[in-house]
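The values are calculated or read from the model by the stated rules, or taken from the named source; none is laboratory data. As the structure is a prediction and not an experimental result, all values here were calculated from the model. Because the Cβ atoms are built from the backbone with ideal geometry, glycine has one as well, and the counts that use them run over all protein chains shown. Note: areas computed on protein heavy atoms with side chains; ligands, DNA, RNA excluded. Shrake-Rupley method; radii C 1.70, N 1.55, O 1.52, S 1.80 Å.
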Amino acid sequence: MTAITSNLQAVNHAITQAVYMAHRRKESIELLAVSKGFSADAVREAYEVGQRAFGESYIQEALDKIELLRNLPLQWHFIGPVQSNKTRAIATHFAWVHSVNRLKIAERLSAQRPAGLPPLNVCIQVNVSGENSKSGVTPDGLVELAQAVASFPQLKLRGLMAIPAPAEGMEAQRIPFLKLHELMQQINTQGLALDTLSMGMSHDFNAAILEGATIVRIGTAIFGERNYGGNQ
């Protein structure tokens, strides 16, 4: 058994335990394997033991892997900051974008989504911790942005995403996740029907599941430590 296979089994077991503690169904959680910084071979290895959804943050690295693995039925999620000059490639090659944080980016993604593809699934990134170093719309600006994003024809607004400030202990970790969940409920009272909370990483996914995460983004616990910095 390889390390990736063993790690995936351990992560799925931990998710099952967290789901049980939260009194939820296992089917309500999707594991997104964050493969940024790792090779196409690592992705293929995870695929061979059942993983299908993979998250990437760097467009050229992602495009190289997508090309190498084009014969596999993989679902690709873009989870990094979206630059204006990268929107066409993202709109063309990904099924999901988790990190929409301003109207201009949403407008470009919709306009550049190829007509033959289904609408691009998007989440709005929210800066729930108020960190200057983090991307994301402020909670105060979220409703207006969500209503605008939902109007674009080639986008399907699915939910919200957050990367909270690191916190020690389960109770501290749960606070920003609860806030994101409450923001989604607030938006849904405005006539939208969001169903996705992309939150929780290797160090805090248990807390995220307790607060309603539907997608957990896990990289290190599956693939190991990276050779360069990253926040997934």
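Computed from the C-alpha gyration tensor, the three semi-axes of the ellipsoid equivalent to the range 133-181 are 26, 11, 9 Å, from longest to shortest. How much FRET efficiency would the formula 1/(1 + (r/R0)^6) give for Glu131 and Tyr58, where r is the Cβ-Cβ distance and R0 is 22 Å, rounded to 0.05? Efficiency, rounded to the nearest 0.05: 0.55. The residues of the chain expose on average 46 square angstrom of accessible surface per residue, using a 1.4 Å probe on protein heavy atoms.
Rounded to the nearest 500, the helix-only mean residue ellipticity at 222 nm of the chain stands at -12000 deg cm²/dmol, with each DSSP H run of n ≥ 4 adding -39,500 (n - 2.57). Ligands, DNA and RNA left out, the accessible area of the chain computed with a 1.4 Å probe is 51% carbon and sulfur.
About its Cα centre, the dipole of the chain is roughly 540 debye, where the only charges are +1 on Lys and Arg Cβ and -1 on Asp and Glu Cβ.
In this simple spin-label approximation, Ile175 and Glu144 carry label points 7 Å from Cα along the Cα→Cβ vector, and these lie 2.8 nm apart. Taking every C-alpha pair closer than 8 Å and separated by at least 6 residues, the mean separation divided by the residue count of the range 44-165 gives a relative contact order of 21 percent.
Enclosing the Cα atoms of the range 36-138 in their convex hull gives a volume equal to 111 cubic angstrom per residue. What's the FRET efficiency of Glu225 with Lys156 using the Cβ-Cβ distance as r and R₀ = 45 Å, to the nearest 0.05? Approximately 0.85, to the nearest 0.05.
Calculated on the Cα set of the range 97-172, radius of gyration then Dmax: 13.9, 46 Å.
For the options His93, His203, His77, a Gaussian network treatment of the chain with springs between C-alpha atoms closer than 10 Å singles out His203 as fluctuating the most.
The calculated pair-distance distribution of the range 105-232 uses every alpha carbon pair, bins of 5 angstrom beginning at 0, and gives 2, 11, 19, 21, 19, 14, 9, 4, 1, 0 percent.
Here the contact order of the chain, divided by its residue count and restricted to Cα pairs under 8 Å and six or more residues apart, works out to 21 percent. Using the Cβ-Cβ distance between Asn188 and Ser84 with R0 = 35 Å, the FRET efficiency computed as 1/(1 + (r/R0)^6) comes to roughly 0.75.
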